[in-house]
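In what follows, a single structure is set out as structure tokens and then discussed.
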Amino acid sequence: MANTQAVVVGGGICGMVAALLLKQRFTNVVLIEQADTVGGLFCSVKDSSGAAYDMGSHIPNATGVAELDEILFADADTSSWHKIARLCSGNYFGGSWDLNSPFPDASKLPQDIYQQGCGELINHTELPESNLIYDYCANSLGVVFTESIVVPILRKLYGQDAPLKTLTMAAGLFGFTRILALPADVTATLKQLPAFDAKLGYQREADFQQRKAQDNLSEVTYYYPTTGEGIGYWVTQLQKRVERAGVEIITSERVATIAHHDKKVTSLVLANSERVLDCDFLFWSAPPFIALAAMGLTPARGQVTLRTALIFHLNFDRPLLDMQSHYLWVWDPSSAIFRLTLYPNLTGQCNHNHLSAEILCNPDEIESFTQSEIIEQLVSMGIVDPQAKCVSGETQVINNTFPVPTTEFQAVNQQNYETLSNCVDNVIVSGRFSGKCWRQAEVLIEAYESIIQATDAI
Ligand SMILES: Cc1cc2nc3c(=O)[nH]c(=O)nc-3n(C[C@H](O)[C@H](O)[C@H](O)COP(=O)(O)OP(=O)(O)OC[C@H]3O[C@@H](n4cnc5c(N)ncnc54)[C@H](O)[C@@H]3O)c2cc1C
């Protein structure tokens, strides 16, 4: 076999898995990561007591693709992993918890609004076609529920000033286009119709299970490490595997220029070391505009706002009061928190009583949230015992996380993705930055299929 080299840019989960797959097809594979460690969004921190918390995505699931799952969860049958057959999530809305559903319950709204909203909801019998969240919800749930449930959630996630009517259904949606609204048996019957299936959540577990059996849907297994290292353990295992396979990992480095000729990338120059890498195949999982600029092309630009994540990691001296949920949504506008992760329930172990409370905000709003206020909210929501003391913790600020998914953001992304994919033939643009998919399993399946398709054609 001729000596061939593939270069992977971006050392998140997508880039690491791609590097392993490409190593089966190319003699050499080099992975370039700009941060000082690989893992991207999957990353953990520890506080002074040794409690581990995660900072981005953190409850990975099997993809259903055997080759991928073998890479991802090679040691899944060991005691290092807690296998979660059913992820338990609930939601806080209308001043109380529903621990059986992630979807807000419209019946908690004032009765007059609820009744008016139900009338509208029932009358929308077609699946809306709009790609805009507001329009989609208005034509699915109705304007009353859209204004009273969806709009406050959009403001919490994307900011008080977010241009609500231009937000698209693209990346970053949290599944909140479904609500609970009607009695359980009515819901189960109506959900046989596509328009109602898309907007209503099941209210009874038995109905949900029956539907899964009817549609022959396979179970998705989620995994969480029991090793006390948080999801960082997963990344460490994958990194070892990538290194064992002979992939060269270069961290704290970026690509300065990309040479291309006859619609083929031929080499790359690294920014810090000025090292030149020959390149027969490029797998790009960083933002596409960076590759275009490195190629001397002009990327499309536009107003793109990325939300800052403010995460309060907290460890208490008493058990958390919710001992079943793995994570929880806080849809109620009374709290700035949008998501809680309850680690003892994820690990199946209770050596720490720790959780993460996530807020999305503008960078200049960070100072307006304090740890004591967040703890007060957790106590008033009944998650933390009023007698509990916070014994350790960490507060993290992570800039540039979720994009505000405006039509402009989507158009710029799409244009840069297409320009890059079309100007050279030996490149795959993949991962969350490609804009093609977002969730961990979807990102990996898409990368896997693209690699098979592109390298079969070589
Ligand atoms: C805050 C947050 C929470 C999320 N939570 C979930 C969840 O709970 N479940 C779920 O399924 N999905 C979640 N997602 C979706 C997430 O997109 C996927 O889970 C997946 O992690 C994406 O992997 P990736 O490798 O494409 O991206 P990333 O993990 O972002 O990795 C990209 C890597 O590229 C590197 N990079 C960027 N630019 C350059 C450059 N110029 N040169 C070199 N390297 C570069 C970055 O440093 C990073 O390491 C979440 C996303 C965000 C933003």
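List of remarks:
- Residue check, D425 among the charged types (D, E, K, R), in contact (Cβ under 8 Å) with a residue 24 or more places away in the chain and within 27 Å of L268 (Cβ to Cβ): yes
- Here I359 passes the criteria (1) assigned to a helix (DSSP H, G or I); (2) surrounded by 13 or more Cβ atoms within 10 Å (Cβ to Cβ) except the one numbered (1).
- Within the range 196-233, the residues that satisfy the criterion of being polar (S, T, N, Q) and either free of Cβ contacts under 8 Å to residues at least 60 places away in the same chain or over 30 Å from G40 (Cα atoms) (or both) are Q203, Q209, Q210, Q214, N216.
- Leading residue by the ranking (farthest from the ligand (Cβ to nearest atom)) among those in the range 421-448 that are within 22 Å of G296 (Cβ to Cβ) and in contact with a Phe, Trp or Tyr (Cβ under 7 Å, 6 or more places away or on another chain): N426
- For the range 322-339, a tally of residues being among the aliphatic types (A, V, I, L, M) and under 20 Å from A85 (Cα atoms) returns 2.
- Scope the range 396-420; condition open to solvent by 30 Å² or more (accessible area, probe 1.4 Å), within 16 Å of the ligand (Cβ to nearest atom) and in contact with a helix residue (DSSP H, G or I) (Cβ under 9 Å, 6 or more places away or on another chain); matching residues: V397, N399, F402, N413, Y417
- Identity of the residue in the range 280-323, open to solvent by 10 Å² or more (accessible area, probe 1.4 Å) and among the basic types (K, R), that ends up farthest from A454 (Cα to Cα): R318
For (1) within 16 Å of the ligand (Cβ to nearest atom); (2) touching a helix residue (DSSP H, G or I) at 6+ places or on another chain (Cβ under 8 Å); (3) over 26 Å from E205 (Cα atoms), each residue gets a yes or a no:
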{"residue": "G94", "(1), (2), (3)": "no, yes, no"}
{"residue": "F103", "(1), (2), (3)": "no, no, no"}
{"residue": "Y114", "(1), (2), (3)": "no, yes, no"}
{"residue": "G119", "(1), (2), (3)": "no, no, no"}
{"residue": "P128", "(1), (2), (3)": "no, yes, yes"}
{"residue": "V144", "(1), (2), (3)": "no, yes, yes"}
{"residue": "I149", "(1), (2), (3)": "no, yes, no"}
{"residue": "A162", "(1), (2), (3)": "no, yes, yes"}
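- If you filter the range 177-231 down to residues that are touching a Lys or Arg at 6+ places or on another chain (Cβ under 8 Å) and of a type in the set (F, W, Y), you find that the one that is farthest from F73 (Cα to Cα) is Y202.
The rows are residues; the columns are (1) in a loop (DSSP other than H, G, I, E, B); (2) at pLDDT below 95.
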| position | (1), (2) |
| --- | --- |
| S130 | yes, yes |
| F145 | no, no |
| L157 | no, yes |
| D161 | yes, yes |
| F174 | yes, yes |
| T177 | yes, yes |
| L182 | yes, no |
| T187 | no, no |
| F196 | no, no |
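- When restricted to residues that are within 24 Å of R254 (Cβ to Cβ) and either open to solvent by 10 Å² or more (accessible area, probe 1.4 Å) or in contact with a Ser or Thr (Cβ under 6 Å, 6 or more places away or on another chain) (or both), the range 10-26 contains 8.
- Residue count, the range 427-458 (criterion: farther than 27 Å from D278 by Cβ and within 12 Å of the chain's Cα centre (by Cα)): 8
A quick yes/no check of all residues on (1) assigned to a helix (DSSP H, G or I); (2) among the polar types (S, T, N, Q); (3) outside the structural domain of R432 (by TED's automatic domain parsing); (4) within 13 Å of the ligand (Cβ to nearest atom):
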{"site": "L22", "(1), (2), (3), (4)": "yes, no, no, no"}
{"site": "A35", "(1), (2), (3), (4)": "no, no, no, yes"}
{"site": "G50", "(1), (2), (3), (4)": "no, no, yes, no"}
{"site": "L68", "(1), (2), (3), (4)": "yes, no, yes, no"}
{"site": "A74", "(1), (2), (3), (4)": "no, no, yes, no"}
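- Those strands (runs of 3 or more DSSP E) of the range 206-266 in which 3 or more residues are under 21 Å from the mean Cα position of the chain (by Cα) occupy 222-225.
- Within the range 342-364, tally of residues that are more than 16 Å from the ligand (Cβ to nearest atom) and in contact (Cβ under 8 Å) with a residue 12 or more places away in the chain: 9
- Residue check, G246 more than 16 Å from the ligand (Cβ to nearest atom), surrounded by fewer than 20 Cβ atoms within 10 Å (Cβ to Cβ) and modelled with pLDDT under 95: no
- The listed residue being touching a residue at least 24 places away in the same chain (Cβ under 8 Å), over 27 Å from G228 (Cβ atoms) and β-branched (V, I, T), out of T370, T406, T395, T401: T406
- Applying the condition of being within 15 Å of the chain's Cα centre (by Cα) and assigned to a strand (DSSP E or B) to the range 52-66 and asking which residue is farthest from the ligand (Cβ to nearest atom) yields D54.
- Answer from F338, F312, F369 - the residue that is outside the structural domain of Q415 (by TED's automatic domain parsing) and more than 23 Å from D161 (Cα to Cα): F312
- For R155: the one exception among (1) surrounded by 19 or more Cβ atoms within 10 Å (Cβ to Cβ); (2) of a type in the set (K, R); (3) closer than 19 Å to T407 by Cβ: (1)
The values are calculated or read from the model by the stated rules, or taken from the named source; none is laboratory data. Computed from a prediction, not measured in an experiment: that's the story for all the values here. Please note: Cβ atoms are built from the backbone with ideal geometry, for glycine as well, and neighbour counts cover all protein chains shown. Remember, those area values only see protein heavy atoms, side chains included, never the ligands or the DNA or RNA. Shrake-Rupley method; radii C 1.70, N 1.55, O 1.52, S 1.80 Å.
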